[in-house]
Amino acid sequence: MALFNLKINGKSQEVDVDPSTPLLWVLRDHLQMVGTKYGCGIAQCGACTIHLNGTATRSCMLTVAMVGNSEVTTIEGLSENGDHPVQKAWLEVDVPQCGYCQAGQIMTAAALLEQNPNPTDEEIEMAMNGNICRCGTYVRIKKAVKMAAENNS
Amino acid sequence: MTLIKTQIGRRAFIKNTSLAGGGLVLGFSFFNACKPKVAEAVAMELEMPEEWYEMNGYLKIGDNGVVTIMSPNPEIGQNVRTSMPMIVADELEIDWKNVVVEQAPLNTNLYSWQVAGGSRSISSSWQNLRMAGATARHMLKEAAAQAWQVPASEITAIAGVLTHEASGNSAGYGEMASAAAQIEVPEEVELKENSEFSIIGTSRKNVDGKKIVTGKPLFGIDVQREGMLIAALVHPPAFGKRLKSFDAEEAKQMPGIRDVFSLKLYDDDFDKMAFHFTAFNEVVVVVGESTWQVFQAKKALNIEWEDAPDTTQNLTMFGNAMEVKHPAGMENSGGHTEQLRELIARNAKVSRRDGNPEQAFKDADKIIERSYSCPFLAHNTMEPMNFFANVTEDHAELLGPTQTPEWMEPAVAERLGLPLEKVDIQMTRQGGGFGRRLYGHFMVEVAAISQRMKAPVKLMYTREDDMSQGIYRPSYYATYRAALDADNNLIGFHVKAGGIPESPLFANRFPAGAIDNYLAEDFTVDTNITTGAFRAPRSNFIAGAEQSFLDELAEVMGKDPIDFRLELLKRAEENPVGSPESNDYDASRYAGVLELVREKANWGQADTGVSRGVSAYFCHQSYVAQVLDIVMENDTPVVQKVTAAIDCGIVINPDAATNLSEGGAVDGIGHAMYSGLTFKDGSPEQTNFDRYRLIRHSEAPKAIETHFVKSDIDPTGMGEPPFPPIMGALANALYKATGRRYYHQPFITDRPPLIG
């Protein structure tokens, strides 16, 4: 066990965990921030996506020891009132079916638009390919990403 | 006017007084048990009332007119948590923006069919939900009539406001709620005419939408509780193996680990219901303080496994006895293929025989024969199996994702040695179901673990656990034969289908009833790999096979594939083969979706470079036809568009139903194209998403358009029906695009699959 001081959603959070613990489980088990989801544990499904210094990152293979001083943003901290343009577009398009993967989808989409405010369809597909939606809401996800891009421009 | 008895069968409404102050009335918000009103108010942006008045088990009205509607069924992504309350709200005649939805707990006295299965949530509760809303509306009118001393029949109820025009009286529901709750429940109530619906048939957004996009705790895996321990299981590494012994010394020394023990789930003489089915009855359990610690400790166990003998699971399915035989041995996918091919060549069990099919094939000028197959599939819900239990000496609380709380409750009670009424089951929102959570062995597992640990426990499956000890979609095989005369008339039809371990055949579905000489046979192969329902069981293979064969047949006969199907359906409608009851589809509704999709997709007028395939299927009492367009880009087929026509009766929430249609198409294309679970020496060769292929963004159709048949027929299934037919449309479009027919799923490999 070791003490780690993490910067999460603009706040300092101290945890005492094994250094090999993935950030995903630190968030979920130790900080009770369960919006970031477990899906595969091997960075293949994207359900656990967070932002590490603004970059979409899979938290299931990122050990707490590797986080260091990086700024972590989770779905809980993406916006204060759930009104990030991507979240608003997700609600407007009514994207979710089961909803389990959507936090990860939103985090990937938000990071994409930060770097590329007007992505083409192909760029959206490439950026989102790491996020599986088992219910098959891909068509709506793409629509919502485009809507968020338009509303933000 | 439609009058309906307020008591249906043995399920009677319970007067509000008998439940006053009970857990149900207050509702249950597991994440905010101390302050549910505040939490709900924030989420719904609604002011909460000071006082709630329960009208019946489905709804309560606040003194400020806000209404809480209970959603009785498990929410697995089919959106019943929105659409079921919509039905209550419409009959209640309340403004939807004043509705708060709560998940109802399992309560067999109040609700029926609290199951997410068979696409039956809406259809099985349609009358009850309407009755609940209409009864409360009636009671509110009666209360107003008494208060104003006017006849109830002169009072109107519109959008939560009661009005008596002649006397000028008017009151909101909230003002009358207290008095209405004291009104006697009427013997029968008047339901709205379909034309009077104001919420049903209008698109309403997912009631959990805001919570989903902001990452609020909603799912079973999100459950946290003071003093809660985490448990995980280690199961045999192969089907055909069982636990021999284990050494947990090292694991027990690891930080945070509380205990390691073996767990036998069911006693040998336990009277199992079909949904108590489980892959491995004895597993090793690791319990600890956090998920990561427990997952790490699993790897430190030294376990010896041994070969299991022949076993049998005796089950009952709604009163019918079933015997599932698991032969000893480690199975291989290559061996499965050999078994299926060998059996398809032999005589099988005749399920239906019309006319003289043998003679027709003898007389044939031409015989077309094609075979189709599909592999085992894992359900792969994005949220892996998990459940929470807190078992004390005389009570068990269970909370989590299950499609069958009612059917699992007896198994939990039996395993714990508690009476049924001491077991309480609550449902969370569920990260997918697809049939996997019909089999709730994990509920029994976590209950037994909690009982032993004397602590609240959340059981967590890793993705690998989830994928490698599934209740899989069976592997199926089908051979179709058609007899044509010299003029290319279809004079005989023969389907022989089988599977490991169940047959996919529906002998009385289309084209049965449309062909004079018809033979349907099937067979099964025993396996020790556990299988069960997967979205649209059996249909999820046979639809694609049949619809691909009909496409090929139409081509040989020189007919347009839609015209050919419509000709067969016309025959089935006007002069069906067999008795009218023997064909379990409605030929006119079937033709209706084909005609609608033909019109909406501009069939026959595709752009250059676009290859199209069509398919149509009936299941879960609904009809779906789909046209799928492919364009080739760099020798790769790209699904440009899917056009769907659906007849599922009255559509409750059109945009949400459209979402299911889109998801069904993506799901079907994905599984037919890419997915498969293969076995080597009894072990699944894919245990995570690195080797198990699921469809991803860039592989989804670029556009999906859905059209519903306007209908006044009571609602039928919607969750499953859009899934099976698309596989046929895909295969048929691929043929047009590539010149090759695709017979064996997954198409991306397009070889007879399962050969190791």
- Task: Give just the number: which of (1) touching a Gly at 6+ places or on another chain (Cβ under 8 Å); (2) among the aliphatic types (A, V, I, L, M); (3) assigned to a loop (DSSP other than H, G, I, E, B) does residue B:748 not satisfy?
- Result: (1)
- Query: Can you spot a residue in the range B:634-655 that is within 14 Å of chain A (Cβ to nearest Cβ), surrounded by 22 or more Cβ atoms within 10 Å (Cβ to Cβ), not charged (D, E, K, R) and not in a strand (DSSP E or B)?
  - Reply: yes
- Single condition residue B:584 does not satisfy, out of (1) assigned to a helix (DSSP H, G or I); (2) within 29 Å of the chain's Cα centre (by Cα): (1)
- Task: Look through B:597, B:614, B:624 and report the one residue that is outside any strand (DSSP E or B), closer than 26 Å to residue B:508 by Cβ and touching a residue at least 60 places away in the same chain (Cβ under 8 Å).
- Result: B:597
- Message: If I go through the range A:125-139 residue by residue, how many of them are buried (at least 22 other Cβ atoms within 10 Å of the Cβ) and either more than 7 Å from chain B (Cβ to nearest Cβ) or within 15 Å of the chain's Cα centre (by Cα) (or both)?
- Response: 4
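Every residue, every condition in (1) out of contact with any strand residue (DSSP E or B) (no Cβ under 7 Å at 6 or more places or on another chain); (2) over 25 Å from residue B:381 (Cα atoms); (3) among the acidic types (Asp, Glu), yes or no:
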site: A:87; (1), (2), (3): yes, no, no
site: A:100; (1), (2), (3): no, no, no
site: A:118; (1), (2), (3): yes, yes, no
site: A:147; (1), (2), (3): yes, yes, no
site: A:152; (1), (2), (3): yes, yes, no
- How many residues does the range A:39-56 contain that are within 13 Å of residue A:107 (Cβ to Cβ) and of a type in the set (S, T, N, Q)? 2
- Note on the structure: Scanning the range B:688-716 for residues that are surrounded by fewer than 21 Cβ atoms within 10 Å (Cβ to Cβ) and touching a residue at least 24 places away in the same chain (Cβ under 8 Å) gives B:688, B:693, B:694, B:702, B:703, B:705, B:707, B:709, B:711, B:712, B:713, B:714
- Message: I'd like to verify a number: residues in the range B:308-329 that are assigned to a loop (DSSP other than H, G, I, E, B) and among the polar types (S, T, N, Q), how many?
- Response: 0
- Task: Given the conditions (1) surrounded by fewer than 23 Cβ atoms within 10 Å (Cβ to Cβ); (2) part of a helix (DSSP H, G or I); (3) more than 8 Å from chain B (Cβ to nearest Cβ), report the number of the one that residue A:89 does not fulfil.
- Result: (1)
- Within the bounds of the range B:187-204, is there any residue that is within 14 Å of chain A (Cβ to nearest Cβ) and either assigned to a strand (DSSP E or B) or buried (at least 18 other Cβ atoms within 10 Å of the Cβ) (or both)? yes
- Task: Give the residue that is nearest to residue A:136 (Cα to Cα), with candidates limited to residues of the range B:656-678 that are facing chain A (nearest Cβ under 10 Å) and among the aliphatic types (A, V, I, L, M).
- Result: B:666
- Query: Of all the residues that make up the range B:694-739, how many are assigned to a helix (DSSP H, G or I) and over 21 Å from residue B:604 (Cα atoms)?
  - Reply: 3
- Message: I'd like to verify a number: residues in the range A:9-56 that are more than 10 Å from chain B (Cβ to nearest Cβ), without any contact (Cβ under 8 Å) to a residue 40 or more places away in the chain and crowded, with 24+ Cβ neighbours inside 10 Å, how many?
- Response: 0
- Expected single match for of a type in the set (S, T, N, Q) and under 18 Å from residue B:162 (Cα atoms) among B:203, B:198 is B:198
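Where a number appears in this text, it was derived from the coordinates with a stated rule and is not lab data. Quick caveat: nothing in here was measured; it's all calculated off a predicted structure. Because the Cβ atoms are built from the backbone with ideal geometry, glycine has one as well, and the counts that use them run over all protein chains shown.
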